[in-house]
Amino acid sequence: MKISYQETTNDLLTRINIHDAYGSRDIDKWMLEVLPLEPGMSILDVGCGAGKQCFSYLAHLNGKATITGTDISDKLMAKAQEENKKLGDRVTFQKMDFNQEFPFPQETFDLVSCSFAIYYAEDIPFTIKEMHRVLKPGGHLFTTGPMPENKQMFYDIIREATGRVIPPMPGSSRYASEILDAIKAEFSQVDVHVFENPLTFPEVKPFIDYTRASLSEDRLLWNTFFQTKADFEQIMAEITAVAEKWFARDGKLVMTKVVGGILAKK
């Protein structure tokens, strides 16, 4: 299944910042609690973006790990390298397309992680086989992605505003089904952990900022809703009107992120 998708760096970072500002739980802390991290590990983070997860592992292990981050986006890699320099180049970053064979020997890593990216793979079984191949025996794969019930308020407001059917999202429509099944087919032990994080917006603007960034970042997935900038602005005006109505009724907007974490052992 080929996904037409290209990350827009500023939109992605906007969403991350809004999660941090309005969420009640810390997903990075949750991931560190779930993962079997130990000093001396060799870690590969696939689809690392601007390196947030790599730097989290580095800090948690007090620098006592060999960490490699890979991503297809030149802009995000540049941001990761910029931050890496501030930390003394403690992480190795390199460009990689996870739809191609990974440029690493088999049985290289103790942990392969992939946060909010695996569902954009063109061939899920192929990418997971590559993750399995580069893991050492007894090593772990950890992936995160949205569950089917993720951010229902977001979709409900858009549905009410537009009267249209929400297009299938690569994450929530694939993560707990196709992706989980593919991982179970390759790994000896698979567990699913669920993280819920309510984002409480005390005014409408940050929700609209999130929605604008989300639709823009994933614009090719929403191409039945808008084609031109004028179309996009019209959709945003309709969404804003409904969000303001909901806010007037409830005094706040609460959008709950529901994330799955699949932890698999080779």
Pairs to check: Lys79/Lys129; Lys95/Lys184; Lys52/Lys136; Lys184/Lys257; Lys86/Lys257. Give those whose C-alpha atoms are more than 26 Å from each other in this structure.
Lys79/Lys129; Lys95/Lys184; Lys86/Lys257
Relative compactness, the range 9-265, computed as alpha-carbon Rg over 2.2 N^0.38 Å
1.05
Arrange the peptides 82-93, 51-62 so that the one whose residues have, on average, the most other Cβ atoms within 10 Å appears first.
51-62, 82-93
On C-alpha positions alone, give me the angle between the axis of helix 9-22 and the longest principal axis of the chain, in degrees, nearest 10.
80 degrees
Computed over the chain: longest principal axis from alpha-carbon atoms vs helix 204-217 long axis, angle to nearest 10 degrees, is 60 degrees
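Which order do peptides 114-123, 194-203 fall in by mean Cβ count within 10 Å, highest first?
Packing order, densest peptide first, comes out as 114-123, 194-203.
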About its Cα centre, how strong a charge dipole does the range 9-265 have in debye, to the nearest 20, once Lys and Arg get +1 and Asp and Glu get -1 at the Cβ?
340 debye
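Count charges around Lys257 for me, please; just the other residues with Cβ under 11 Å from its Cβ, Lys/Arg as +1, Asp/Glu as -1.
Numbers: positive: Arg15, Arg25, Lys151; negative: Glu149, Glu196.
Computed value for this residue: +1.
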Non-local residues with an amide H under 5 Å from the amide H of Asp218, with H modelled 1.01 Å from N and Pro and chain starts lacking one, are none
Assuming R0 = 45 Å, can you tell me the calculated FRET efficiency for the pair Leu87 and Glu122, based on Cβ-Cβ distance, to the nearest 0.05?
0.85
Degrees separating the helix 124-134 axis from the principal Cα axis of the chain, which is the longest one:
30 degrees
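FYI, it's all coordinate maths here, none of it is from the lab. For clarity, every value in this text was computed on a predicted model and none was experimentally measured. We place every Cβ from the backbone using ideal geometry, glycine too, and count neighbours over all the protein chains shown.
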